[in-house]
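Right, one structure below, let's go through it.
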């Protein structure tokens with residue numbers, strides 16, 4: 001079975017631009033979460049979606065938005081990019097919403113903002 | 001103060017050594033706890049969940065102390081392949097859902 005997939009793998013943008021990152025969860029998983037990981041830090045929670053609805057949001061500005069599609073894939077959008085948005089963006093899927101469920105991470109998208 | 005704190009290390013140990021990591025959390029509305037392993041430039045992968053009664057998986061033992069608000073990971077008989085960053089995760093209850101909060105990770109280097 002395919003794991004969580006993300007695209008693109010790498011991306012270079014300039015300040016002020018916007019970016020769309022994509023994630024496909026493991027087949028049968030209905031929950032997708034997005035994380036930002038900067039060098040030397042642990043992943044920081046951005047959003048969680050379940051059944052196409054936002055179910056959790058971390059402490060990120062409104063420039064960050066996301067959505068989940070009927071096939072449970074998801075997009076993360078970041079507008080008005082700042083240098084500080086340079087990071088590894090990770091997507092994780094889980095079967096449902098239970099707090100005790102394991103999250104399975106994709107390989108991430110490395111975003112560099114110049 | 002961060003909600004989940006870990007000593008970043010690095011912990012530099014010889015093969016065969018026993019090493020322990022702690023992770024403290026500040027929010028008592030915590031639901032569940034995990035240890036993840038992250039290799040350099042790779043995604044995090046689940047190592048083990050942490051239960052109140054403690055749990056063991058081969059050379060790895062995880063424990064939870066709710067009263068003192070910390071979780072621990074013990075690795076026995078360290079292997080070179082154990083070299084990685086170990087991330088603790090605490091899921092905090094929030095508005096009917098939960099917020100997964102990662103520590104910054106503890107770096108382990110196992111040398112011959």
Got a number for residues in region B:73-104 being at the interface with chain A (Cβ under 8 Å from one of its Cβ atoms) and over 19 Å from residue A:48 (Cα atoms)? 2
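In the set A:56, A:100, A:40, which member is free of Cβ contacts under 8 Å to residues at least 24 places away in the same chain, in a loop (DSSP other than H, G, I, E, B), within 11 Å of another protein chain (Cβ to nearest Cβ) and closer than 16 Å to residue B:100 by Cβ? Quick ask: steps written out before the conclusion?
Details: A:56 fails: in a loop (DSSP other than H, G, I, E, B); A:40 fails: closer than 16 Å to residue B:100 by Cβ.
Unique residue meeting the criteria: A:100.
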Which pairs do you get when a residue that is assigned to a helix (DSSP H, G or I), found in region A:77-88, comes within reach of a residue that is surrounded by 14 or more Cβ atoms within 10 Å (Cβ to Cβ), reach meaning Cβ atoms under 7 angstrom, with the pair 6+ apart or on two chains? A:83/A:113; A:85/A:78; A:85/A:111; A:85/A:113
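Which residue, of A:65, A:93, A:73, is in contact with a strand residue (DSSP E or B) (Cβ under 6 Å, 6 or more places away or on another chain), away from chain B (no Cβ under 11 Å), surrounded by 13 or more Cβ atoms within 10 Å (Cβ to Cβ) and closer than 19 Å to residue B:91 by Cα? Outline the logic, then answer.
Values: A:65 fails: closer than 19 Å to residue B:91 by Cα; A:73 fails: closer than 19 Å to residue B:91 by Cα.
Result of the check over A:65, A:93, A:73: A:93.
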For region B:34-44: of the residues being more than 9 Å from chain A (Cβ to nearest Cβ) and within 12 Å of the chain's Cα centre (by Cα), which is surrounded by the most Cβ atoms within 10 Å (Cβ to Cβ)? B:35
Return the total of residues in region B:71-81 being out of contact with any helix residue (DSSP H, G or I) (no Cβ under 9 Å at 6 or more places or on another chain) and under 14 Å from residue B:48 (Cα atoms). 4
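Scan region A:17-25 and tell me whether some residue there is part of a loop (DSSP other than H, G, I, E, B), at pLDDT 95 or above and farther than 29 Å from residue B:106 by Cβ. Before you say what the answer is, go through the steps one by one.
The first filter runs over region A:17-25 and keeps only residues part of a loop (DSSP other than H, G, I, E, B), leaving A:17-18, A:25.
Checking which are at pLDDT 95 or above leaves us with A:17-18, A:25.
With farther than 29 Å from residue B:106 by Cβ added as a condition, the list becomes A:17-18.
Looking through region A:17-25, at least one residue is part of a loop (DSSP other than H, G, I, E, B), at pLDDT 95 or above and farther than 29 Å from residue B:106 by Cβ.
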Can you tell me which condition residue B:47 does not meet? The list is (1) at pLDDT 95 or above; (2) under 17 Å from residue B:107 (Cβ atoms); (3) more than 11 Å from chain A (Cβ to nearest Cβ), and all the others hold. (3)
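Could you tell me whether any residue of region A:34-42 is over 23 Å from residue B:88 (Cα atoms), exposed (fewer than 13 other Cβ atoms within 10 Å of the Cβ) and either touching a strand residue (DSSP E or B) at 6+ places or on another chain (Cβ under 8 Å) or at pLDDT below 95 (or both)?
Just the residues of region A:34-42 that are over 23 Å from residue B:88 (Cα atoms), to begin with: none.
Within region A:34-42, none of the residues are over 23 Å from residue B:88 (Cα atoms), exposed (fewer than 13 other Cβ atoms within 10 Å of the Cβ) and either touching a strand residue (DSSP E or B) at 6+ places or on another chain (Cβ under 8 Å) or at pLDDT below 95 (or both).
The values are calculated or read from the model by the stated rules, or taken from the named source; none is laboratory data. Keep in mind the model is a prediction, meaning the values are calculated, not measured. Cβ: placed from backbone, ideal geometry, glycine included. Neighbour counts: every protein chain shown.
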